[in-house]
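**Student:** This structure is in structure tokens; I'll ask about it shortly.
What follows draws every value from the coordinates through simple rules; no lab data is involved. All figures in this text were calculated on a predicted structure; none of them were measured in a lab. In this analysis, Cβ positions are derived from the backbone assuming ideal geometry, glycine residues included, and neighbour counts consider all displayed protein chains.
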Amino acid sequence: MSEPNAETPSPAADHRDFIRDIVAADIASGRIGVPVTRFPPEPNGYLHIGHAKSICLNFGIAAEFGGHCNLRFDDTNPVKEEQEYIDSIQADVRWLGFDWGENLFHASDYFEQLYAWAVHLIREGKAFVDDLSADEIRETRGTLTEPGTDSPHRGRGVEENLDLFARMRAGEFPNGARVLRARIDMASPNINLRDPVLYRIVHASHPRTGDAWCIYPTYDYAHGQSDAIEGVTHSICTLEFDVHRPLYDWLIANLPVPHVPRQYEFARLALTYTVLSKRFLLRLVNDGRVRGWDDPRMPTISGLRRRGFPAEGIRNFATAVGVAKADSTHEVALLEHHVREVLNRTSHRRFGVIDPVKVVITNFPDDLVETMEVVNNPEDPSAGERPVAFGRELWIERDDFMEAPAPKFFRLAPGREVRLRNAYFITCDEVVKDADGRVTELRCTYDPATRGGDSPDGRRPKATLHWVSAAHAIPAEIRLYDYLFTRPDPGADGRDLLEDLNPASEAIVHGYVEPALAEARPGETVQFERLGYFCADPDSRPGALVFNRALTLKDTWAKVQARG
RNA sequence: UGGCGCGUGGCUCAACGGUAGAGCACCUGACUCUGGAUCAGGGGGUUCUAGGUUCGAAUCCUAGCGCGCCAGCCA
């Protein structure tokens, strides 16, 4: 049965994009031999589907062009970062099917070098220690249309700067007392060049360096230099960093780095009915609105995994999505398409009834149990067959019966004959209801000549239903998932995201599954015939099965109903 | 408003000066022991607008319009 695994992604399809074009041109021109890329997550939350796009891009390019991709934690802000996130990120990248080999790095590995280079900048007169407060720096930075003004400490001498910077490191000053700033141009039309902060004082212990440091480099200062140290050739990031590129280049140009990396920007992934904001996802987790970072409704890698989405489907989606510079929002339907494509191909079929109603076959011998051999996966003959018990009393789907059938409803109805998949044709003779008028039992008769599902006289029922023998059925908790949000564009028009949360995103029902599912292991995904794909949840145990609905099958009847 | 980026069918992306294509979505039909899967076909684009260059422009130039990003000691 299909399970999460980490097979190697197939290399270079025929997909091209502007970044791959650049890499190919750089190789052709001899600027580089092979590309070195990096995936640089900040360990301040769990990875989500947007990161998957970046992971597939960076590791994909490296693999396709014979280079390699580093996993580098951008751990420069200890107040937000945690070991739990470091661990989950590695697990998720691996699960997605990528391998960084020996190339696991941390920006914190370079703190000492970064510090030395900062000293270099000071000696060159290109950085200075500023005593201004955060507020004062903001006030003097100018605005989009007005230049900033120089800090009164901008002219501080080299020796004084060196002394102050050393004392910052030594812990002589409280948080926020001083910062190290690059001396560039307070009148630059690019605000990122108005003497940007390079180091700030943060008395906090770091997941890796502990209390060794109380000053930490900013992203702008740490990132490009880390790229240079690692020999990264193509530093690929999202669009919002493009205005930082001049600063990235300035630092590389003004420091004695061993290598010159270049930054390229692409549009981050956005999806309908989805929010990919770590901050908001954190809030959902902290407020207990979901079962955790790996809740099956979460767009996190771990959530998608728990939901039953295979890594291959996510990778194929990432490839299909492409890489470009225009802001864009993909329809979730594209993700679902790729997930269904692999699940259809790989998952075993099983019978599960989610909203059961009893069927009694009145002309079937009381004590007889027959065993049907049922194909595990019609898409994959090597998946074999399994025995399924059939008896006088069955559970079928309540939805598969209508006392007064609607015009295009082909399933069971009084007097109508349908096929029970891989079993017999049955005809409904009588409907039993309780005091409230709710159907409690359907009394049917079967045609013994149709065993296996075919009629010798060529009769062909218009519908085939799934079923489970009541005597053998195993009860199961089934969690039906829907979009986390009710709208394709959550939070649009200034609405609070919480307003758009879908109150029905999780519905728990209790049904019956066939015995073959008794020992389903968490992470195992199967198709419940005619219903959809279901994944055994980590909460599932023998005797207390729990399945998550990953996705329904495409359902044209539902579409017909929706049209009225 | 200053700087930067982007604008091609419902969505996303391709076409890199030579008659605008693909995937998803949507619709129709075939087939079927999953109303699934599969197969075949279909609708849908004044390539943001206006000028210009050229024999020829989605591609080059100019202007305008629209959208996004930047004024954290976040990344």
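**Student:** Restricting the calculation to Cα positions, tell me the Rg (one decimal) and the Dmax (whole number) of region A:475-563 in Å.
**Tutor:** Reported Rg and Dmax, both Å: 15.8, 50.
**Student:** Percent of alpha carbon pairs in chain A separated by more than 44 Å? Can you show the working numbers first?
**Tutor:** Working: 54182 of 158766 pairs.
The share of Cα pairs beyond 44 Å in chain A comes to 34 percent.
**Student:** With labels modelled as points extended 7 Å from the Cα through the Cβ direction, what inter-label distance (nm, one decimal) is found for A:Asp539 paired with A:Leu368?
**Tutor:** 4.1
**Student:** Let me ask something else about it. Please work out the FRET efficiency for the pair A:Val34 and A:Thr143, using the Cβ-Cβ distance as r and a Förster radius of 41 Å; give the result to the nearest 0.05. Show your work: numbers first, answer last.
**Tutor:** Working: r = 44 Å, r/R0 = 1.08.
The value I calculate is 0.40.
**Student:** Would you grab the residues whose amide H sits under 5 Å from the one on A:Arg72? Only those 5+ places off in sequence or on another chain, please, with H modelled 1.01 Å from N.
**Tutor:** Placed amide hydrogens put A:Phe39, A:Phe105 under 5 Å from A:Arg72.
**Student:** Check which residues have an amide H placed less than 5 Å from A:Tyr264's amide H, if you skip close sequence neighbours.
**Tutor:** A:Ser235, A:Ile236, A:Cys237
**Student:** Using the charge dipole of region A:350-473 (Lys, Arg: +1 at Cβ; Asp, Glu: -1 at Cβ; taken about the Cα centre), state which of A:Ile361, A:Met372, A:Val439 has its Cα farthest towards the positive end.
**Tutor:** It is A:Val439, whose Cα lies furthest towards the positive end.
**Student:** Taking θ = phi - 60°, what integer Hz values does the Karplus form 6.51 cos²θ - 1.76 cosθ + 1.60 yield along region A:343-351, in sequence order, with x for Gly and Pro?
**Tutor:** With coefficients 6.51, -1.76 and 1.60, one gets 5, 4, 6, 10, 8, 6, 8, 9, 9 Hz.
**Student:** I need the calculated FRET efficiency for the pair A:Asp135 and A:Leu553, taking r as the beta carbon distance and R₀ as 45 Å, to the nearest 0.05. Walk me through the numbers before you get to the answer.
**Tutor:** On the way: r = 58 Å, r/R0 = 1.28.
After rounding to 0.05, the efficiency reads 0.20.
**Student:** Two decimals is fine: what is log10 I(q)/I(0) at q = 0.14, 0.18 Å⁻¹ for region A:350-473, from a Debye sum with one equal scatterer on every Cα and no solvent?
**Tutor:** -0.59, -0.97
**Student:** Rounded to the nearest 10 degrees, what's the angle between the helix A:311-321 long axis and the longest principal axis of chain A, both from Cα atoms, 0 to 90?
**Tutor:** So the inclination is approximately 60 degrees.
**Student:** Quick one: length gained pulling A:Asp482 to A:Val360 fully straight, 0.36 nm per residue minus the C-alpha distance? Mind showing how you got there, number by number?
**Tutor:** Working: separation 122, 0.36 × 122 = 43.92 nm, distance 3.30 nm.
Extending this stretch completely gives an extra 40.6 nm.
**Student:** Please list 3J(HN,Hα) in residue order for region A:142-157, calculated via the Karplus relation 6.51 cos²θ - 1.76 cosθ + 1.60 where θ = phi - 60°; whole Hz, with x for glycine and proline.
**Tutor:** Listing the rounded values in order: x, 10, 4, 10, 10, x, x, 10, 5, 5, x, 9, 4, x, 3, x Hz.
**Student:** Can you work out the PRE-style zone for A:Arg451? Point 7 Å along Cα to Cβ, and I want the residues of region A:338-378 with backbone N under 14 Å.
**Tutor:** Of the residues in region A:338-378, A:364-365, A:368-373 have backbone N under 14 Å from the label point off A:Arg451.
**Student:** If you don't mind, there's one more thing I want to ask. Could you tell me the relative contact order of region A:475-563? Use alpha-carbon pairs under 8 Å, at least six residues apart, and round to a whole percent. Can you show the working numbers first?
**Tutor:** Details: 140 pairs, mean separation 27.4, N = 89.
Computed over region A:475-563, the figure is 31 percent.
**Student:** Given +1 on the Cβ of Lys and Arg, -1 on the Cβ of Asp and Glu, and no further charges, what dipole in debye does chain A carry about its Cα centre, rounded to the nearest 20?
**Tutor:** Numbers: 66 positive and 86 negative charges, 166 e Å.
Its charge dipole is roughly 800 debye.
**Student:** Which angle from 0 to 90°, rounded to the nearest 10, does the C-alpha axis of helix A:83-96 make with the longest principal axis of chain A?
**Tutor:** 60
**Student:** While we're here: Could you name the lysines in cross-link range of A:Lys80, using Cα to Cα under 25 Å and dropping any fewer than eight places away on the same chain?
**Tutor:** Counting by Cα, and skipping residues close in sequence, A:Lys80 has these lysines nearby: A:Lys53, A:Lys278.
**Student:** State, to one decimal in nm, how far the label point of A:Glu84 lies from the label point of A:Asn254, with both points 7 Å from Cα in the Cβ direction.
**Tutor:** 4.0
**Student:** Going 7 Å from the Cα of A:His153 in the Cα-to-Cβ direction, what parts of region A:175-213 have a backbone nitrogen less than 13 Å from that spot?
**Tutor:** A:175-182, A:197-201
**Student:** Moving to a separate point now. Which pairs in the list A:Lys126/A:Lys325; A:Lys408/A:Lys433; A:Lys462/A:Lys559 are over 28 Å apart, alpha-carbon to alpha-carbon?
**Tutor:** Values: A:Lys126/A:Lys325 33 Å; A:Lys408/A:Lys433 24 Å; A:Lys462/A:Lys559 18 Å.
Over 28 Å apart, Cα to Cα: A:Lys126/A:Lys325.
**Student:** Assign unit charges at the C-beta atoms only (+1 for Lys and Arg, -1 for Asp and Glu), then state the dipole size of region A:350-473 relative to its Cα centre in Debye, rounded to the nearest 20. It would help to have the intermediate numbers written out before the result.
**Tutor:** On the way: 17 positive and 22 negative charges, 68 e Å.
That gives region A:350-473 a dipole magnitude of about 320 debye.
**Student:** Round to the nearest 10 and give me the degree value, 0 to 90, for the angle of helix A:18-29's Cα axis relative to the longest principal axis of chain A.
**Tutor:** Roughly 60 degrees between the two axes.
**Student:** Let me ask you something else. Applying the Karplus parametrisation 6.51 cos²θ - 1.76 cosθ + 1.60 with θ = phi - 60° to the phi angles of region A:111-117, what ³J(HN,Hα) value in whole Hz is obtained for each residue in order, glycine and proline being reported as x?
**Tutor:** Karplus values, whole Hz, x for Gly and Pro: 3, 5, 5, 4, 5, 4, 5.
**Student:** How much length would be gained if the chain were fully extended between A:Asn344 and A:Asp434, taking 0.36 nm per residue of separation minus their Cα-Cα distance, in nm to one decimal? Could you put the intermediate results ahead of the total?
**Tutor:** Numbers: separation 90, 0.36 × 90 = 32.40 nm, distance 3.91 nm.
That works out to 28.5 nm of additional length.
**Student:** Still on this structure: Determine the gain in length on full extension of the stretch A:Asp99-A:Asp163; use 0.36 nm per residue of separation and subtract their C-alpha separation, reporting nm with one decimal. Mind showing how you got there, number by number?
**Tutor:** Numbers: separation 64, 0.36 × 64 = 23.04 nm, distance 4.38 nm.
Separation in residues times 0.36 nm, less the Cα-Cα distance, equals 18.7 nm.
**Student:** Okay, next question. Give the long-range amide H neighbours of A:Tyr199: residues separated by 5 or more places, or on another chain, with amide H under 5 Å away, using H modelled in the peptide plane at 1.01 Å from N.
**Tutor:** Here A:Leu180, A:Thr218 satisfy the definition.
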